[in-house]
Amino acid sequence: METALLFQETQRQAEAARALAHTADAVVLLDLSGIVRYWNPAAERLFVLPADAVLGRRAATAIPQW
């Protein structure tokens, strides 16, 4: 039962990520510590920073304009 619930949650998260990847708006998700956990293509264009330069880093240090 627990495995099935985990699979369903993973599927929901994957669907949300796909939707955010195709939105025209920049989407940046931070965790409670200010670490960038999601950075969509529109954010790459807006901030002129690739996802691999900011993911897993603190927004305040990784994003000069922050």
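The values are calculated or read from the model by the stated rules, or taken from the named source; none is laboratory data. Here the structure is a predicted model, which means the values were calculated and not measured. Accessible surface is based on the protein model in full, side chains and every heavy atom, while ligands, DNA and RNA are left aside. Shrake-Rupley method; radii C 1.70, N 1.55, O 1.52, S 1.80 Å.
Quote the accessible area belonging to ARG37 in square angstrom, nearest 10, computed with a 1.4 Å probe and with ligands, DNA and RNA left uncounted.
140 Å²
Using a 1.4 Å probe over the heavy atoms of the protein chains, calculate the carbon and sulfur portion of the accessible area of the chain as a whole percent. Kindly include the intermediate steps, with their values, before the conclusion.
Values: 2880 of 4860 Å².
C and S atoms contribute 59 percent here.
Compute the length gained on full extension between ASP31 and VAL48: take 0.36 nm times their separation in residues and subtract their Cα-Cα distance, giving the result in nm to one decimal. Working shown, then result.
Working: separation 17, 0.36 × 17 = 6.12 nm, distance 2.15 nm.
Between ASP31 and VAL48, full extension yields 4.0 nm more.
Calculate, for the chain, the solvent-accessible area per residue in square angstrom, rolling a 1.4 angstrom probe over the heavy atoms of the protein chains. Intermediate results must be reported in sequence, preceding the final value.
Numbers: 4860 Å² over 66 residues.
Ligands and nucleic acids excluded, the figure is 74 Å² per residue.
Normalised by the number of residues in the chain, what is the relative contact order in percent for Cα pairs under 8 Å and 6+ residues apart? List each step's numbers first, then the result.
Details: 71 pairs, mean separation 15.1, N = 66.
Over the chain, the number comes to 23 percent.
With θ set to phi - 60° and the Karplus curve 6.51 cos²θ - 1.76 cosθ + 1.60, what are the ³J(HN,Hα) couplings of region 27-33 in order, to the nearest whole Hz, using x for Gly and Pro?
10, 10, 10, 10, 8, 5, 8
Which ³J(HN,Hα) values, rounded to whole Hz and listed in residue order, are derived for region 49-66 from phi using the Karplus coefficients 6.51, -1.76 and 1.60 in 6.51 cos²θ - 1.76 cosθ + 1.60 with θ = phi - 60°, glycine and proline given as x?
Result, ordered by residue: 9, x, 3, 5, 7, 10, 4, x, 10, 5, 4, 4, 9, 7, 10, x, 7, 5 Hz.
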